[in-house]
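Derivation of every value follows stated rules applied to the coordinates shown; laboratory data play no part. None of the values given here were measured: they were computed from a predicted structure. Virtual Cβ from ideal backbone geometry, glycine too; neighbours counted across all protein chains shown.
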Amino acid sequence: MQKPKFKSAEILCVGTELLIGDIVNTNAAYLARRLATLGIGVYRQSVVGDNPTRLAEDLEAALARVDLVITSGGLGPTCDDLTKETVARVMGRSLSLHTPSLARIEAYFSATGRTMTPNNRKQAMMPEGATVFPNDYGTAPALAIEREDGKTVVMLPGPPRELEPIFCEQVEPYLHPRCDAILFSRNVQIAGMGESAVEAALPRALLESVNPTVAPYCVAGEVRLRVTARAADRASAAALCDEAVAQIRKTPVGAHIYGVDVASPEAALIAALADRGLSVASAESCTGGLIAKRLTDIPGASAVVAGGAVTYQTREKYALLDVSPDTVAKYTVVSEQVAIQMARGARAHLCTDLAVATTGYAGPDGGTAQDPVGTVYIAVDGACGTVCRRLSLSPLRDRAYIRTVAATNAILDVLHYLETKIAKNGEG
């Protein structure tokens, strides 16, 4: 008899440490993403403490609502680790020793030169009829129990370093035969338009489409459109997404797209520089090294990022970037003219193809009537000349937000320079 397909799921994370905030629950986000790719809708995510009564209540309620429940945590050797025992009781199963699991646990302790305590034997006790997933990353095996009606509980260890590879390598193949569709997403990254402007520029038919769906998300300094399609296979779902992305490119939003399925503005810039064999440097005042930090976070940055200068005080702008005291006296240190000289100085001293500079008021103090807190000047210098723009952010925003958005815009301005001026002139 063919088993019913998994249409819906709930994620139930177990651990008092999660409830009181000692540990951030990253497992729920990871599991939700992975289940989405399998086409299994996640209806609820919940957290319950190490209390067998409440766990049993939550589990019974979840099984009444959905086809699949994924738990994390509570599979350890101590007395408060009661997930497996509670699930077995709810599912009407007795526990017995699973000899292969015990042998693996004993081998794990032997290989690490540690003595196995008697309570670790508890981790090898399994409910009757369970499917056991060996744990190559710790001592607690994962497992699944299926009821006669097809409803299933999958139990995973709590540490992400164990949960993630076990789910990817063993649980996904176990679930896949009972999935009748997959979800596939494209992420369209947009800069220079706000979330409301992006939504207003898109056709209603596209925003109201059921398959694929198009959903806007706002992050600091940019907007992301997640395009998600459901289909029987990855190729079909990808085709639906690609058609929607093509429609988006034909709207006014298209001119503001800086990438599709790129991890971040800095990842897009590093890739673009590497493709052209070009280098970049940074000169930072208000962003305090954040541009350089974000660029060098990307693997492969050493091939294209020469370095940078954090010239927070005015005298360092004179000494390291050849900013003119006369320019500062005439225009102030937060000005288009100073940003341009900073970029040119960084490019000259670090011998790069491009350089980007920032100077501004991140707050909460500073600013003038003409350039209040939130004003940032961003300059990019290269063989095709120097460009500079004034970025005006709300003074109501906090310092961290202003610095983050300024750095994002600076990185995207270099990318725009590459794609317009340099590409147009056939350089690089």
**Asked** Ranking Y318, Y217 by Cβ neighbours within 10 Å, fewest first, what do you get?
**Response** Y217, Y318
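So for the chain: antiparallel DSSP bridges make up what percent, rounded to the nearest 5? Numbers along the way, then the final one.
Details: 44 of 71 bridges.
Here the antiparallel bridges make up roughly 60 percent for the chain.
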**Antiparallel bridge percentage (DSSP; both residues within the range 265-425; nearest 5)** = 60
**Prompt:** Most mobile of T368, T359, T16 per a Gaussian network model of the chain (Cα springs, under 10 Å)?
**Reply:** T368
**Asked** Candidates [x] 85, 46, 46; [y] 84, 55, 41; [z] 86, 49, 41; which is the computed Cα extents along the principal axes in Å?
**Response** [y]
**Request:** With label points built 7 Å along Cα→Cβ from the Cα atoms of E57 and S324, find their separation and express it in nm.
**Result:** 7.5
**the range 8-178: antiparallel DSSP beta bridges as a percent of all, rounded to 5** = 35
**Asked** Which of C388, C168, C286 moves the most in a Gaussian network model of the chain with Cα springs under 10 Å?
**Response** C168
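With 10 angstrom as the radius, rank K250, K5 by how many other C-beta atoms surround their C-beta, starting from the fewest. If you can, show how the numbers build up before the last one.
Details: K250 9, K5 14.
Least to most surrounded, the residues fall as K250, K5.
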**Complete:** Checked the range 265-425 with the C-alpha gyration tensor, a ≥ b ≥ c its square-rooted eigenvalues, rounded below a/c of 1.5, otherwise prolate if a/b is larger than b/c and oblate if not; verdict prolate
**Message:** Whole angstrom only: what separates the Cα centroid of the range 203-222 from the Cα centroid of the range 270-341?
**Reply:** 35
**Prompt:** Karplus couplings for the range 283-295 from phi (6.51 cos²θ - 1.76 cosθ + 1.60, θ = phi - 60°), rounded to Hz, Gly and Pro as x?
**Reply:** 10, 10, 10, 5, 7, x, x, 5, 4, 4, 4, 5, 5
**Asked** In this model, which of K250/K421; K5/K84; K330/K421; K250/K293; K7/K122 are farther than 26 Å apart at the alpha-carbon?
**Response** K330/K421; K250/K293; K7/K122
**Message:** Can you tally the net charge around V310? Count Lys and Arg as +1, Asp and Glu as -1, for every other residue whose Cβ sits under 14 Å from the Cβ of V310.
**Reply:** +3
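Okay, helix-only estimate at 222 nm for the chain: each DSSP H run of n ≥ 4 adds -39500 (n - 2.57), divide by all residues, round to 500 deg cm²/dmol; what do you get?
On the way: 16 runs with 157 residues, N = 428.
The per-residue figure over the chain is -10500 deg cm²/dmol.
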**Message:** What whole-number distance in Å separates the alpha-carbon centres of the range 1-44 and the range 146-183?
**Reply:** 10
**Asked** So how do D58, D381, D242 line up by other beta-carbon neighbours within 10 Å, fewest first?
**Response** D242, D58, D381
**Item:** Percentage relative contact order, the chain, counting C-alpha pairs under 8 Å, at least six apart
**Value:** 10
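Around G138, with a cut-off of 10 angstrom between Cβ atoms, what is the net charge of the other residues, counting Lys and Arg +1 and Asp and Glu -1? Kindly include the intermediate steps, with their values, before the conclusion.
Details: positive: R161; negative: D136, E162.
Its environment carries a net charge of -1.
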**Prompt:** Where a ≥ b ≥ c are the square roots of the eigenvalues of the C-alpha gyration tensor, would you call the range 1-97 rounded, which needs a/c under 1.5, or, failing that, prolate if a/b is larger than b/c, or oblate?
**Reply:** oblate
**Request:** Give me the angle, in degrees from 0 to 90, between the Cα long axis of helix 27-37 and the longest principal axis of the Cα atoms of the chain, rounded to the nearest 10.
**Result:** 90
**Fill in**
Charge tally for neighbours of E164 with beta carbon under 13 Å away, counting Lys, Arg as +1 and Asp, Glu as -1, is -1
**Fill in**
Yeah, the range 174-222 with a ≥ b ≥ c from its alpha-carbon gyration tensor (a/c under 1.5 is rounded, else prolate when a/b outruns b/c, oblate otherwise) is oblate
